[in-house]
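Trainee: Quick one: structure below, then a few questions.
The values are calculated or read from the model by the stated rules, or taken from the named source; none is laboratory data. Worth saying up front: this structure is predicted, and the values here are computed from it rather than measured. Here the Cβ positions follow ideal geometry from the backbone for every residue, glycine too, while neighbour counts run over all protein chains shown.
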Amino acid sequence: MAVVRSTWADQPIVVGKHLDSPGWAGAAELALDGVGSVLIKNDARHLYVGIDVVADWDADDDFFWLGVDADRDGTVTPNRDRLYGPWPDRPGVVGKQYYLGPTTFTHLLDTDPECEAYAGFGPSAANPSPHRTWTMRLPLRELDVALAAERVPPVVHVGFRIGSVNPPVDHSSIDFADGHRLVLATRPSSTYPPGTEGAVIGGIGLIPATTIDGDGRATTAPGYSVVVTDAAFGGSLNVIGNRATLQYLWALGARRHRVLHRAPGAATSQPLRQAWINYRWDGNTDHPESYSPDASGAYAMLDPSANYSIDSLLVRWDTSSGQPAGLHTLEAEFLRDDGSAVAPPVAAPLTLRLANAGPRVVLDSVRGADGEVRACGSVPAGQALDFDLTAVDSEAGLASYSLVARWGEGQLHVIGGAPYTPPGPWNGGSFTHRWTPAQPCAYAFEVAASSRVTDGYNPSIRGGRASRFVTIAGTRP
């Protein structure tokens, strides 16, 4: 078994290109004796895997599978652990199978639409001569991994099966007995782009404090690891300290800190009292460490020289439990073990807008020539249908809404929708769209909406859906 610490992908990697392309520069590497190596990178949304099979100089009769030990127990767990690989005869598509036993699997299943995998044949940094390569992108949500997860460190337990008929290549660790651990990077080498973090509170998750405006909403640049526009905050928030400031305060003897919170309309601030777990990396193992406040509301500081799953974490704040919507102000203060204060270079409170309600989504009616078409109703093919829907965010933070039709073997048609257009608030509202389904089939009409609410790692954590199933009959009017 090997432990590999993934490196951060500053820009999303375009899979399908050769492994000597700039996106793979600096990738973590896992050597596979007699075969080649595996390159690993990740960002806030995806895991990127590159397979460099330098031993395979022929482009025919090759395959690659990635096994995921979902429960991390080192053995095959039926119907939970899974196998990923390029879908035969569907370039770019990733297929998934669940383990039924060490060498038996379910049939091939669809994966998250953001999954991609490609076979390549060309040079790499390890070998300039053409040889077999594979590249794969998997969303972290497909792997049940979150960079901000409290109870589970961001580690993926994997195995590989790589094979070729000519020349003969055979590597297998997909029974997980000799599997590997991929420890995901939780931030870029510099937590935030230069000049963007706050002076004391550096940011929320991966969102720098300086991208949060006076109304408490965040807007990050296009291409940033978490792209948000006029986004409020919600869910569980990792309040991250400015690393340089924490090092300065540590050198002055600071060993504890409080995070003061002023709620909307409150005259004074009170210490946030939360409890959480962070994981300290010792070079081989993640050790869980529990944090909770003392009687004064102070927490133990993280040693800035140590390596944690979430570095420079000041507090993990659960805002979805009893916190009202509106503007909240946070400020950090630091103490020595004897209780004396250690002042940061500047006072730098941070104001956030919380919005945890999420959108209200309703498919109000589906109307045909003869009036309302209720759930499980039927209308003739070729008849125009009018769809009345509601997508409303009471906190003026709607991100988008969409209305789609699904039928047959994965067919999909986008009937209508709209994204948020800055600047200013957008509550959404009531909308009507018309569409004429031509093909007889059973249809699902689905409305989805999301809010501009981030936890610092995901662009939107609040959404809603509504649907209605209708049969489009074969007789045309």
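Trainee: Having 1 or more residues that are out of contact with any Pro (no Cβ under 9 Å at 6 or more places or on another chain) and either crowded, with 24+ Cβ neighbours inside 10 Å or small (Gly, Ala, Ser) (or both) is the bar; report the strands (runs of 3 or more DSSP E) wholly within region 1-72 that clear it. First the steps, then the outcome.
Mentor: Working: elements: 3-5, 28-32, 36-42, 46-53, 62-68.
Passing ranges, in order: 28-32, 36-42, 46-53, 62-68.
Trainee: For region 251-281, what are the residues that are over 18 Å from residue 331 (Cβ atoms) and touching a residue at least 12 places away in the same chain (Cβ under 8 Å)? Talk me through it step by step, then tell me what you get.
Mentor: Step one: list which residues in region 251-281 are over 18 Å from residue 331 (Cβ atoms), which gives 251-253, 255, 275-281.
Those that are over 18 Å from residue 331 (Cβ atoms) and touching a residue at least 12 places away in the same chain (Cβ under 8 Å): 252, 253, 255, 275, 276, 277, 278, 279, 280, 281.
Trainee: Another one. Check residue 209 against each of (1) over 24 Å from the mean Cα position of the chain (by Cα); (2) assigned by TED's automatic domain parsing to the domain that holds residue 331 and name the one condition it does not meet.
Mentor: Every condition holds for residue 209 apart from (1).
Trainee: Another question about this same structure. Residue by residue through region 65-84, note down the ones that are touching a Gly at 6+ places or on another chain (Cβ under 6 Å) and either within 21 Å of residue 113 (Cβ to Cβ) or among the hydroxyl-bearing types (Ser, Thr, Tyr) (or both).
Mentor: Scanning region 65-84 gives 65, 83.
Trainee: When you go through 217, 258, 262, 280 one by one, which is the residue that is basic (Lys, Arg) and surrounded by fewer than 17 Cβ atoms within 10 Å (Cβ to Cβ)?
Mentor: Values: 217 fails: surrounded by fewer than 17 Cβ atoms within 10 Å (Cβ to Cβ); 258 fails: surrounded by fewer than 17 Cβ atoms within 10 Å (Cβ to Cβ); 262 fails: surrounded by fewer than 17 Cβ atoms within 10 Å (Cβ to Cβ).
Selected residue: 280, the only one of 217, 258, 262, 280 that is basic (Lys, Arg) and surrounded by fewer than 17 Cβ atoms within 10 Å (Cβ to Cβ).
Trainee: Which of the residues spanning region 312-352 are of a type in the set (Asp, Glu) and either surrounded by fewer than 19 Cβ atoms within 10 Å (Cβ to Cβ) or touching a Gly at 6+ places or on another chain (Cβ under 8 Å) (or both)?
Mentor: Taking region 312-352 as the starting set, the residues that turn out to be of a type in the set (Asp, Glu) are 318, 331, 333, 337-338.
Answer for region 312-352, where residues must be of a type in the set (Asp, Glu) and either surrounded by fewer than 19 Cβ atoms within 10 Å (Cβ to Cβ) or touching a Gly at 6+ places or on another chain (Cβ under 8 Å) (or both): 318, 331, 337, 338.
Trainee: Follow-up. Assess whether residue 299 counts as being of a type in the set (Phe, Trp, Tyr), buried (at least 17 other Cβ atoms within 10 Å of the Cβ) and either within 19 Å of residue 270 (Cα to Cα) or free of Cβ contacts under 8 Å to residues at least 12 places away in the same chain (or both).
Mentor: yes
Trainee: Take residue 434 and decide whether it is touching a residue at least 12 places away in the same chain (Cβ under 8 Å), exposed (fewer than 13 other Cβ atoms within 10 Å of the Cβ) and of a type in the set (Lys, Arg).
Mentor: yes
Trainee: Consider residue 367 carefully, then state whether it is farther than 26 Å from residue 234 by Cα and not in a loop (DSSP other than H, G, I, E, B). Break it down stepwise before answering.
Mentor: Details: farther than 26 Å from residue 234 by Cα: yes; not in a loop (DSSP other than H, G, I, E, B): yes.
So residue 367 fits the description; yes.
Trainee: Within region 161-171, identify whether any single residue is more than 24 Å from the chain's Cα centre (by Cα), free of Cβ contacts under 8 Å to residues at least 24 places away in the same chain and not assigned by TED's automatic domain parsing to the domain that holds residue 409, and answer yes or no. Write out each step before concluding.
Mentor: At the first step, the residues of region 161-171 found to be more than 24 Å from the chain's Cα centre (by Cα) are 161-171.
Checking the rest, the ones that are also free of Cβ contacts under 8 Å to residues at least 24 places away in the same chain come to 168, 170.
Now drop any that are not not assigned by TED's automatic domain parsing to the domain that holds residue 409, which leaves 168, 170.
Yes: region 161-171 contains one or more residues that are more than 24 Å from the chain's Cα centre (by Cα), free of Cβ contacts under 8 Å to residues at least 24 places away in the same chain and not assigned by TED's automatic domain parsing to the domain that holds residue 409.
Trainee: A follow-up question, please. If a residue counts only when it is more than 27 Å from the chain's Cα centre (by Cα), which strands (runs of 3 or more DSSP E) contained entirely in region 249-309 have at least 1 such residues?
Mentor: Details: elements: 256-262, 276-281, 286-291.
Once the strands (runs of 3 or more DSSP E) in region 249-309 are filtered for at least 1 residues that are more than 27 Å from the chain's Cα centre (by Cα), what remains is 256-262.
Trainee: Touching a Phe, Trp or Tyr at 6+ places or on another chain (Cβ under 8 Å) and within 30 Å of residue 462 (Cβ to Cβ): is that true of residue 341 in this structure? Show your work before the answer.
Mentor: Details: touching a Phe, Trp or Tyr at 6+ places or on another chain (Cβ under 8 Å): yes; within 30 Å of residue 462 (Cβ to Cβ): no.
So residue 341 does not fit the description; no.
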